[in-house]
Amino acid sequence: MSILVDKDTTFLVQGITGREAVNLTRECLDYGSKIVGGVTPGRAGRDVYGVPVYDCVRDLVAKHGPVDGSVISVPPGFVRDAAFEAIENGVKLIVIVTENIPRREVAQMVELAGLRGARIIGPNCLGLITPGECKMGGIGGPAANTKQAYTRGPVGIMSRSGGMTTEIASTLTAAGLGQSTAVSIGGDAIIGTSYAELMPLFEADPETRAIAIYSEPGGRMEAELAEWVTTNHSRLPIVAFMAGRFMDEMQGMRFGHAGTIVEGKEDTTAAKIERMEAAGISVAERIEEIPKLIQKRLAEKR
């Protein structure tokens, strides 16, 4: 099994004729993902690598029937409308790769998704992948690279960094540990789905037996994760890598992602590490330590 996407998942690409969207469309098709159509207003009748283009999501759904997901790759000023359009046409999984979207508009999208029973991954993310079945977004890059980095197995991945999602997967694969599903959740201050919100999905997946996380300073996601793990007595051993330890003495500094800003003592890496370890989450000093720590935790469970 897996979470969120599998071999039967169908999705569309909004903004499909844009340069980045054209690339990710080709990469997803080469990997074997099922893209049923794309949307760019005014471009109906064209195609991108054989994928038909429509003027709006409504027209696409009328032609193809219900679609499971959408990858949104449009300029920041148009993302909210694109997300609203997808959600109101029954799309339940929205992956937003665009960055620099106003926070107020992201909050509005997340609220509407919650009201309609939909889920947003991102914004400012590379998407997600169930190895060997479906990738949705630019995660992993070209299909050949993706197949090399991601292999099927028992480890779920959650990461605020798109690139580090693949780095962790590649490190696990080299150690003989495949992945169930890997999710690039996005690096902005407001995102659609956090670590804690993904945990129940991994918890319910019998294939997933451990979790690897890439985390950064700033925000409350690690505190929420630690609380969820403790409250729900999670069966899954979790290993995390915390980047940006040098930022602990630089409160108010932003580094990398828009969401990576240390506003107080509780946002520092030291505080996050302490909180996670208190919840039973192992914290790796280096990325390459993650496989051994996961193997150790799995052996302890056995």
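The values are calculated or read from the model by the stated rules, or taken from the named source; none is laboratory data. Keep in mind that this is a model prediction, so the values were computed, not measured. Virtual Cβ from ideal backbone geometry, glycine too; neighbours counted across all protein chains shown.
What do you reckon, is Glu207 free of Cβ contacts under 8 Å to residues at least 40 places away in the same chain and surrounded by fewer than 19 Cβ atoms within 10 Å (Cβ to Cβ)? Full working, then the answer.
Working: free of Cβ contacts under 8 Å to residues at least 40 places away in the same chain: no; surrounded by fewer than 19 Cβ atoms within 10 Å (Cβ to Cβ): yes.
The answer is no for Glu207.
May I ask you to say which residue of Ala86, Ala82 is more than 28 Å from Pro206 (Cα to Cα), of a type in the set (Gly, Ala, Ser), in contact with a Ser or Thr (Cβ under 7 Å, 6 or more places away or on another chain) and in a helix (DSSP H, G or I)?
The match here is Ala86.
Report yes if Ala212 is assigned to a strand (DSSP E or B) and either in contact with a strand residue (DSSP E or B) (Cβ under 7 Å, 6 or more places away or on another chain) or modelled with pLDDT of 95 or more (or both), otherwise no.
Yes: the conditions hold for Ala212.
Under 21 Å from Asp205 (Cα atoms) and either buried (at least 24 other Cβ atoms within 10 Å of the Cβ) or polar (S, T, N, Q) (or both): is that true of Cys125 in this structure?
Values: under 21 Å from Asp205 (Cα atoms): no; either buried (at least 24 other Cβ atoms within 10 Å of the Cβ) or polar (S, T, N, Q) (or both): yes.
No; evaluated as a whole, the condition is false for this residue.
Has the stretch 158-165 got at least one residue that is crowded, with 19+ Cβ neighbours inside 10 Å and in contact with a Pro (Cβ under 8 Å, 6 or more places away or on another chain)?
Within the stretch 158-165, not a single residue is crowded, with 19+ Cβ neighbours inside 10 Å and in contact with a Pro (Cβ under 8 Å, 6 or more places away or on another chain).
Only one of Ala149, Ala169, Ala143, Ala174 is within 30 Å of Arg80 (Cα to Cα) and among the small types (Gly, Ala, Ser); which? Outline the logic, then answer.
Details: Ala149 fails: within 30 Å of Arg80 (Cα to Cα); Ala169 fails: within 30 Å of Arg80 (Cα to Cα); Ala174 fails: within 30 Å of Arg80 (Cα to Cα).
Exactly one of Ala149, Ala169, Ala143, Ala174 is within 30 Å of Arg80 (Cα to Cα) and among the small types (Gly, Ala, Ser), namely Ala143.
List, please: which pairs have Cβ atoms under 6 Å, are six or more places apart or on different chains, and start with a residue in the stretch 1-15 that is more than 12 Å from Leu60 (Cα to Cα) and among the charged types (D, E, K, R) and end with one that is at pLDDT below 95 and not in a strand (DSSP E or B)?
Short answer, once both residue conditions are applied: none.
Quick one: would you say Ile190 is touching a helix residue (DSSP H, G or I) at 6+ places or on another chain (Cβ under 6 Å), part of a strand (DSSP E or B), farther than 22 Å from Tyr31 by Cα and of a type outside the set (Lys, Arg)?
Spelling it out, it is not the case that Ile190 is touching a helix residue (DSSP H, G or I) at 6+ places or on another chain (Cβ under 6 Å), part of a strand (DSSP E or B), farther than 22 Å from Tyr31 by Cα and of a type outside the set (Lys, Arg).
Counting only residues that are outside any loop (DSSP other than H, G, I, E, B) and closer than 11 Å to Asp30 by Cα, which one in the stretch 127-144 is nearest to the chain's Cα centre (by Cα)?
Among them, the one singled out is Lys135.
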